[in-house]
Amino acid sequence: MKRIIILFLMHLCTIQAFAQNPIITHIYTADPSARVFNDTLFIYPSHDRDQAQWWDMIDWHVFSTTDMKQYHDHGAALSLIDLKWAKQYAWAPDCARKNGKYYFYFPTDQAFIGVAVGDKPWGPFRDPLGRPLITISSPGVVCNRDFIDPCVFIDEDGMAYLFMGQNTVNAVVLNDDMISYKDGVKIIEGTDHFFEAVWVHKYHGKYYMSYSGNGKILYAMSDAPLGPYQFKGEILDEVNSGTNHHSIVEYKGAWYLFYHTADLAIRNIPADSQEFKYIQWRRSVCVDYLYYNEDGTIRKVIPTKTGVQQIVQD
Ligand code: FUB
């Protein structure tokens, strides 16, 4: 009997040591861009509204964790009402640190990419330009659909790149001030089936461009940030929220895939209610481990309900 109780307690401890997907459950969140600043992992997601019936989001919250289990909501770091030039759709953002400041890149109105600056990774962020950084109409931009989903990547040499777009990956090289860019929009080659949600990271000297395409998360690899890239395959299958949007990050020695599902809405909303048809606009952020093969290719991630293990602090 004593042994059974001990085994049961051990089992309980194991369960409690996992984060459980989705990881954020007090509000709906999507499009998670995960970044590490000063040993803390920050998530810059979209904030789906509680009663959403479309992607009509109005602000951006920032979250942080140091153990991959407890996530702190820092509240709204920027809202559409803070921007004179933006009317609607506070969609998938990203953030980078340079010269001691934090640069928050965000899309609005399906056509504009803005940048806001803060002294802390959780904001508040202020719009230094009073206009978008780049738009669907800017010279060189190729976009036959929505001009959205900025991803900012800073290479080891300090060069900063901003990637964005739907159907075509557009890229610019940012100036040192991070709020302007060098002449010439680059169009990235080799991103087969690209739809949206571009994400760039580096591993063992190779550049990885991952993105949503054919409903899945796919990826390509290159020897240079601006490519050309070579298509490699699939990282994540379709999820139950319609849209698929992810990020990839290393934190405290492990690699993680952040993504979203409709699992929280499915849990919250009775399947036989009128509300249930809106679950694709009430998404929730999840995380699972990501592993590489010896040749640097990425193993397909199988989503779990248990999520990742809590990191025990030193
Ligand atoms: O969250 C709004 C939009 O849905 C994002 O910009 C896309 O990537 C998709 O996830």
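Just a few scattered comments:
- Here G123 clears all of (1) in a loop (DSSP other than H, G, I, E, B); (2) within 16 Å of the ligand (Cβ to nearest atom); (3) open to solvent by less than 10 Å² (accessible area, probe 1.4 Å); (4) not basic (K, R) except the condition numbered (2).
- Pairs linking a residue in segment 29-46 that is on the phi > 0 side of the Ramachandran plot to a residue that is modelled with pLDDT of 95 or more and part of a strand (DSSP E or B), with Cβ atoms under 6 Å and 6 or more positions apart or on different chains, are D31/P45; D31/S46.
- Any chance E275 is among the charged types (D, E, K, R), surrounded by fewer than 16 Cβ atoms within 10 Å (Cβ to Cβ), under 30 Å from N170 (Cβ atoms) and away from the ligand (no atom under 16 Å from the Cβ): no
- Answer residue from segment 24-41, given it is away from the ligand (no atom under 16 Å from the Cβ) and open to solvent by 10 Å² or more (accessible area, probe 1.4 Å) and is nearest to N240 (Cα to Cα) among those: T25
- Residues of segment 175-204 satisfying the condition of being closer than 26 Å to R131 by Cα, under 20 Å from the mean Cα position of the chain (by Cα) and not aromatic (F, W, Y): M178, I188, E196, A197, V198, V200
- Out of D82, D119, sole residue that is without any contact (Cβ under 8 Å) to a residue 24 or more places away in the chain and touching a Phe, Trp or Tyr at 6+ places or on another chain (Cβ under 9 Å): D119
- Within segment 126-225, strands (runs of 3 or more DSSP E) holding 2 or more residues that are farther than 21 Å from S46 by Cα, away from the ligand (no atom under 16 Å from the Cβ) and hydrophobic (A, V, I, L, M, F, W, C): 170-174, 216-222
- For segment 251-272, the count of residues that are part of a loop (DSSP other than H, G, I, E, B), away from the ligand (no atom under 16 Å from the Cβ), modelled with pLDDT of 95 or more and in contact with a strand residue (DSSP E or B) (Cβ under 9 Å, 6 or more places away or on another chain) is at least one.
- Condition check for T65: open to solvent by less than 30 Å² (accessible area, probe 1.4 Å) and within 20 Å of M164 (Cα to Cα): no
- Residue pairs meeting the criteria (Cβ under 6 Å; at least 6 apart or on separate chains; first farther than 16 Å from Y229 by Cβ, in segment 161-174; second of a type in the set (D, E)): Q166/D146; Q166/E196
- Subset of segment 236-264 (residues that are open to solvent by less than 10 Å² (accessible area, probe 1.4 Å) and under 25 Å from K186 (Cα atoms)): N244, H246, S247, I248
- Of all residues in segment 80-116 being within 14 Å of the ligand (Cβ to nearest atom) and of a type in the set (S, T, Y), the one that is most open to solvent (accessible area, probe 1.4 Å): Y89
The values are calculated or read from the model by the stated rules, or taken from the named source; none is laboratory data. The structure presented is a predicted model; accordingly, all values stated were derived computationally and were not measured. Please note: Cβ atoms are built from the backbone with ideal geometry, for glycine as well, and neighbour counts cover all protein chains shown. All accessible areas refer to the heavy atoms of the entire protein, side chains included, with ligands and DNA or RNA removed. Shrake-Rupley method; radii C 1.70, N 1.55, O 1.52, S 1.80 Å.
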